[in-house]
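The values are calculated or read from the model by the stated rules, or taken from the named source; none is laboratory data. Bear in mind that the values here come from a model prediction, so they are computed numbers and not experimental data. Here the Cβ positions follow ideal geometry from the backbone for every residue, glycine too, while neighbour counts run over all protein chains shown. Calculation scope for accessible area: heavy atoms of the full protein, side chains included, ligands and nucleic acids excluded. Shrake-Rupley method; radii C 1.70, N 1.55, O 1.52, S 1.80 Å.
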Amino acid sequence: MPAQRPRLTITGPLLRGSGQLHIVGQREVLTISDHDGVVHRLLGLADGTRDRPEILAELTIDYPLLGQSEVDEALLELEQAGLIEDCMPRGRIASSRRPWSAGHELTVLSSL
């Protein structure tokens, strides 16, 4: 199950261009195909203040054909890549995650 209150793990910029999203980390840049901008919007909403249904509600304003299962799959893939974590209440220690690498190919929401 993907993070309940997803939050982006990096603080670098998200850059869009030529149908791609470039996620800038400290030492690497990860590129994801994002022709319609849905991944960029998803990551922008993943700030830890919204749960998955709230993210879907925001996304379906611009992407009405998007379903919860697609958002869940995308969040899970992003979480497994180390780009998303579950926003945890203050005072709890988060488990260490394997950091993402530029060699990891993501197919996030590629069916749209």
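Within the set of pairs 6 or more residues apart or between chains, which connect a residue that is of a type in the set (Gly, Ala, Ser) inside region 56-83 to a residue that is crowded, with 16+ Cβ neighbours inside 10 Å and part of a helix (DSSP H, G or I) with Cβ atoms less than 8 Å apart? From region 56-83, the pairs are GLY67/LEU56; ALA74/VAL39; ALA74/LEU42. Restricting attention to region 57-72, which residues are hydrophobic (A, V, I, L, M, F, W, C), more than 16 Å from ALA3 (Cβ to Cβ) and open to solvent by less than 50 Å² (accessible area, probe 1.4 Å)? Listed by number, the list holds a single entry, LEU66. On the stretch given as region 1-43, residues that are within 15 Å of CYS87 (Cβ to Cβ) and without any contact (Cβ under 8 Å) to a residue 40 or more places away in the chain total 1.
Scanning region 18-49 for residues that are small (Gly, Ala, Ser) and either open to solvent by 40 Å² or more (accessible area, probe 1.4 Å) or at pLDDT 90 or above (or both) turns up SER18, GLY19, SER33, GLY37, GLY44, ALA46, GLY48.
Of the residues making up region 5-17, those that are loosely packed, with under 11 Cβ neighbours inside 10 Å and in contact with a strand residue (DSSP E or B) (Cβ under 7 Å, 6 or more places away or on another chain) number 1.
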